[in-house]
Amino acid sequence: MADPREVLAQRVRMALADTLGAEYADADAVIRPSAFADYQANVALPLAKRLGRPPRDVATQIADHVHLDDVCDKIDVSGPGFINFSLRDEWVAGQAADQFADPRLGVPEADPAHKTVVDYSSPNVAKEMHVGHLRTTIVGDAVVRILEHLGHAVVRANHLGDWGTQFGMLIEHLLDVGEESARQQLSTGEINAFYQAARAKFDSDPGFAERSRNRVVALQGGDEETLRLWQLVIDDSKQYYNTIYRRLGVTLTDADLAPESFYNPMLASVCDELRAAGIAVISDGALCVFPPGFTGRDGAPLPMILRKRDGGYGYDTTDLAAIRYRISDLKAARLIYFVAAEQSLHFQMLFAAARQAGWLTGEVSAEHAVIGLVSGADRKRIRTRTGDQVKLITLIDEAVERAERVIADRYDDPGLRHEIAEAVGIGALKYGDLSVARDSGYVFDFDRMLALTGNTGPYLQYATTRARGIFRKAGLDPDKATGDIHITHDAERALALTLLGFGTAVCQAADTAEPHVLAAFLFDVASAFTTFYEVCPVLKAAGDTERESRLALSALTLRVLSTGLDLLGIPLPERM
Ligand code: ARG
C-alpha cells in the first residue's frame, strides 16, 4: 500500500523525465488536496517559468504523458495550470485493503536504521521543574516513541541539572531543617519552596552564605559526607520526577539519567583536547572557545567558557563533554536536544564548537529541537495566585479533576469514572503540547485542552472509543474483520484516503522531530471517521458486503488511531 500523494508524485516525476528530460526527474510535484478532484499537482507553474512556456501547456503535456491508468479514472487541467487527479474507487479500496493486511499499517521500517541520542526533560534539581520542562518531556518522549517504532536505536538522555554552586546552599539548608523533613519536602515536589528558602537565607545571612561557599568547595573536592548529603538531595528530587513520569506515561527511567555530574570526569580532558588543538584559549584568565561567527552587541566575539578563572567548570563545558561523548563513545548518528527556545544561541555555539573540534562531522546531524514557551493567560510564565511557580503535580491533578467534571454525568461508578478521567485529563494535557508546532508558544488553557470537539486529546480519544464501540455493541472482534473493502460512499473514500497517509505522517514527524505532524494527521483521521460514522451505517449497512467493508474500515481506523495515539504517548480510556 502507499500514500496516494506519493504515488502521484512519483508518476508525475516519471512523466517529467520522459517528456522534458532526466534533469526534471527530481522536481517537486507539489501534490495537494483539490477542491475539484481528489488531489492536484501544482508542478507546472514553477516548471513553466524554468522552461519559458505557458503553464497550461506544460500542465497538459504532463497530463497527457503521465501513466496513471491503474490509479486514476480522470485527469484534467484547470485554472492557470493545475493538474487534477480523480482516483479510482477500486484503487483506493485496494490500497486500504493492503494497509489493513499490513501489520505495520503502512509505516515503513527505517532503512538504514541509525542511533539517535535524544536529550529531553532535563530538569534542574537545584531549581524547579516548570511547565517548560513538562513540554520538553512530553514532546521529546513522543519523538523517542516514533523513532523506536521506525526501528531506530534511541538513547534517551535525561541531562539532569544535578551539579553546580547552588548545591552548597541546598545542602546547608538541608542540614538546617533536618534530613528527615528536607527529604519529605523534596520527594513531594516542594523543590521550589526548598530552593527559595535556601536562597533567602543565602542572601540575608552572611554566616549561611559563608557555610554554603565552603560546602561547594567540599563538594567539588569530593568530601564524603558532603557527597552523601548531595546524593540525598538528588535522590529525593529524582523520586518526585519519577512520580511525574510514571503518572504521565513518559518512558524515562533512572537508567536514562545522564546528569551533568556524569560528565565531571571528562571535563579536564575536554579542556586539554581543545587547548592542544588551539581551539580553546585563555581570555581574561578563563579558558574559552570562540566559535567563529558569533559576536555580541558590541561586535566582540562571544565565548563559550570552558574553565572559569577560579578553575570551575560550567554548563558549557558539560555540554561539550556530552556532545563529544555522544558522538565518539555512543557513536550516535543523530543528536536531538529538546530544549527551550531561550537556549538557541547556546546550542548554535555548541554545535559550531563541536564542528571546530572535529567531533561533529558531516555524518552526524545535531539538532536543537526548539521548544516554545507555555504561558498563562497573562502571557507570562504560569504562576499561582500568590505568584509562586505552579507545582507540576498540581497541574496534572487539576487536569484530571476537570476531566472528571467533564465526563461526570456519563458514569455512575466512581472507580470507572476516575479511571477514565485520569486518561482523559492526562491525554488532554499531553495532547495540548503535541498538537502545536513545538517551537511556537501557546497559552495554557484547561477549557480548550479538555474540549470534546476540535483538535484536542479528548476528541481523538472519543473517536477511538467510538470505533471500538461499534465492535463491542455487535460482540465482534475488530481483529477478525475480513479486510474486504469496497468504496460506495464519499465518506468511505475520504476516510480511506486519509488513513493511507499514516506512514508519511510518522516518517515526517521523525525527520523533523515534530510530533504535531502526526497529531494533525490523527485529527484528520478522527474527523473523517466522525463524518463516516454519522453518514454511513455500519452494523445496519444495506448488505453483507457493505457491512463487511465498513467494519473493515472501522477496524483499520481503530488500529491507526490507537497506534498513532500510542506513538504520541496519549493514553486510551477503555470507553468514554
Ligand atoms: N537543565 C537545563 C535547563 O533546565 C536543560 C538541559 C538541556 N540539555 C542540555 N544538554 N543542555 O535549562
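Normalising by residue count, the range 494-576 has a Cα convex hull of 92 Å³ per residue. Of all DSSP-defined beta bridges confined to the chain, some 50% are antiparallel rather than parallel.
For the chain, relative contact order (Cα pairs under 8 Å, six or more residues apart, normalised by length) works out to 15 percent. Ordering 318, 332, 290 by Cα displacement along the dipole of the chain toward the positive end leaves 290 in first place; charges were set at the Cβ atoms of Lys, Arg (+1) and Asp, Glu (-1).
How big is the charge dipole of the range 453-576 about its Cα centre, in debye rounded to the nearest 20, if each Lys and Arg gets +1 on its Cβ and each Asp and Glu gets -1 on its Cβ?
Around 420 debye, computed over the range 453-576.
Roughly speaking, what % of Cα-Cα pairs in the chain are separated by over 34 Å, rounded to a whole number? The answer is 52 percent, as a whole percent. Size descriptor for the range 51-94, Kirkwood hydrodynamic radius: 11.2 Å (Cα pairs only, one decimal).
Coordinate range of the alpha-carbon atoms in the range 214-318 per principal axis, descending: 48, 35, 26 Å. When you filter the GluC sites (Glu not before Pro) in the range 401-476 for DSSP loop state and at most 16 other Cβ atoms inside 10 Å of their Cβ, nothing is left. In this Cβ point-charge picture (+1 for Lys and Arg, -1 for Asp and Glu), the chain has a dipole of about 880 debye about its Cα centre.
Working from label points 7 Å from Cα in the Cα-to-Cβ sense, the residue 281 to residue 397 distance is 5.6 nm. Counting every alpha-carbon pair across the range 121-171, the share separated by more than 17 Å comes to 47%. A straight line joining the Cα centroids of the range 185-231 and the range 113-183 runs 20 Å.
Each of residue 448 and residue 410 was given a label point 7 Å from its Cα along the Cα-to-Cβ line. The distance between the two points is 2.3 nm. At a Förster radius of 25 Å, what calculated FRET efficiency corresponds to the Cβ-Cβ distance of residue 343 and residue 109, to the nearest 0.05? Efficiency, rounded to the nearest 0.05: 0.15.
From largest to smallest, the equivalent ellipsoid semi-axes obtained for the range 338-417 from the alpha-carbon gyration tensor read 43, 19, 9 Å.
Rg and Dmax of the range 64-141, based on Cα coordinates, read 23.3, 67 Å. Computed from the C-beta positions of residue 242 and residue 23, the FRET efficiency with R₀ = 60 Å rounds to 0.60. Dipole of the chain computed with +1 at Lys/Arg Cβ and -1 at Asp/Glu Cβ about the Cα centre; of 475, 101, 450, farthest Cα towards the positive end is 450.
Inter-part distance, the range 58-84 to the range 509-576, computed on C-alpha centroids, equals 31 Å. Between rounded, prolate and oblate, where does the range 421-576 land on the alpha carbon gyration tensor, with a ≥ b ≥ c its root eigenvalues, rounded for a/c under 1.5, else prolate if a/b exceeds b/c? Note, shape of the range 421-576 comes out prolate. Loop-resident GluC sites (Glu not before Pro) (DSSP state other than H, G, I, E or B) in the range 297-388 with no more than 11 further Cβ atoms inside 10 Å of their Cβ: 363.
Helices in the chain, meaning DSSP H runs of at least 4 residues, each add -39500 (n - 2.57). Divided by all residues, the mean residue ellipticity at 222 nm is -17000 deg cm²/dmol. Shape summary of the range 228-290, radius of gyration then Dmax from alpha carbon positions: 17.9, 49 Å. Modelled this way, with points 7 Å down the Cα-to-C-beta line, the labels at residue 439 and residue 477 are 4.8 nm from one another. For the cross-link pairs 308/331; 238/380; 127/238; 127/201; 480/540; 331/430, which exceed 20 Å when the distance is taken from alpha carbon to alpha carbon? Listed pairs above 20 Å: 308/331; 238/380; 331/430. Farthest towards the positive end of the charge dipole of the chain, among the residues 520, 341, 248, is the Cα of 341, using unit charges on the Cβ of Lys, Arg, Asp and Glu. Annotation for the range 369-466: chymotrypsin sites (Phe, Trp or Tyr not before Pro) lying in DSSP loop with at most 11 further Cβ atoms inside 10 Å of their Cβ do not exist.
FYI, it's all coordinate maths here, none of it is from the lab. These numbers come from a predicted model, not from an experiment. Because the Cβ atoms are built from the backbone with ideal geometry, glycine has one as well, and the counts that use them run over all protein chains shown.
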